[in-house]
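J.: Structure below; questions to follow.
The values are calculated or read from the model by the stated rules, or taken from the named source; none is laboratory data. Keep in mind that this is a model prediction, so the values were computed, not measured. Note that each Cβ is placed from the backbone with ideal geometry, even for glycine, and that neighbours are counted across all protein chains shown.
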Amino acid sequence: MTLALYMDHHVPRTITVGLRLREVDVITSLEDGTNELDDPALLERATALGRVLFTQDDDLLAEASRRQKAGIPFEGVIYAHQLYVSIGSCIDDLEIIAKTSEMGELRNLVVYLPL
């Protein structure tokens, strides 16, 4: 089974639309009604759904690091800095990751874009 993504509310809609046009399984925190959750709860929700969280929020990196150190499992985080990775690069790299990775493969890991 290919990797499913969960988009943080900081992610531009154009990235989500671009991924859907490429048939990547993606839902957004807004669609899920979790766009007001704090970072720990948002990462927990993505994990509960079996989805890797894509974010452009530095604070979520701190939460992922905290969980790694404490041994608290999470499905995975993919991070791209808002100023240094273009929307097109995000779409391309996320498509590659989603279509070439299996569920569970990124568990407890943080992946940085660009690849």
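J.: Name the residues in segment 14-31 that are assigned to a helix (DSSP H, G or I) and touching a helix residue (DSSP H, G or I) at 6+ places or on another chain (Cβ under 7 Å), would you?
T.: THR14, ILE15, GLY18, LEU19, SER29
J.: Within segment 44-59, track down each residue that is in a helix (DSSP H, G or I), at pLDDT 95 or above and either of a type in the set (Asp, Glu) or closer than 19 Å to ILE15 by Cα (or both).
T.: GLU44, ALA46
J.: Please go through (1) out of contact with any Lys or Arg (no Cβ under 8 Å at 6 or more places or on another chain); (2) surrounded by fewer than 17 Cβ atoms within 10 Å (Cβ to Cβ) for GLU63 and return the number of the only condition it doesn't satisfy.
T.: For GLU63, the exception is condition (2).
J.: Among the residues of segment 14-30, what is the count of those that are among the charged types (D, E, K, R) and either within 13 Å of LEU49 (Cβ to Cβ) or in contact (Cβ under 8 Å) with a residue 12 or more places away in the chain (or both)?
T.: 2
J.: Could you identify the single residue in GLN68, GLN56 that is within 21 Å of ARG20 (Cα to Cα) and either surrounded by 14 or more Cβ atoms within 10 Å (Cβ to Cβ) or of a type in the set (S, T, N, Q) (or both)?
T.: GLN56
J.: As an exercise: evaluate HIS9 against (1) in contact with a strand residue (DSSP E or B) (Cβ under 8 Å, 6 or more places away or on another chain); (2) of a type outside the set (A, V, I, L, M); (3) without any contact (Cβ under 8 Å) to a residue 40 or more places away in the chain; (4) not in a loop (DSSP other than H, G, I, E, B) and give the number of the one condition it does not meet.
T.: (4)
J.: I want to confirm something. Restricting to segment 72-115 and keeping residues that are of a type in the set (A, V, I, L, M, F, W, C) and in a loop (DSSP other than H, G, I, E, B), which single residue is surrounded by the most Cβ atoms within 10 Å (Cβ to Cβ)?
T.: This residue is PHE74.
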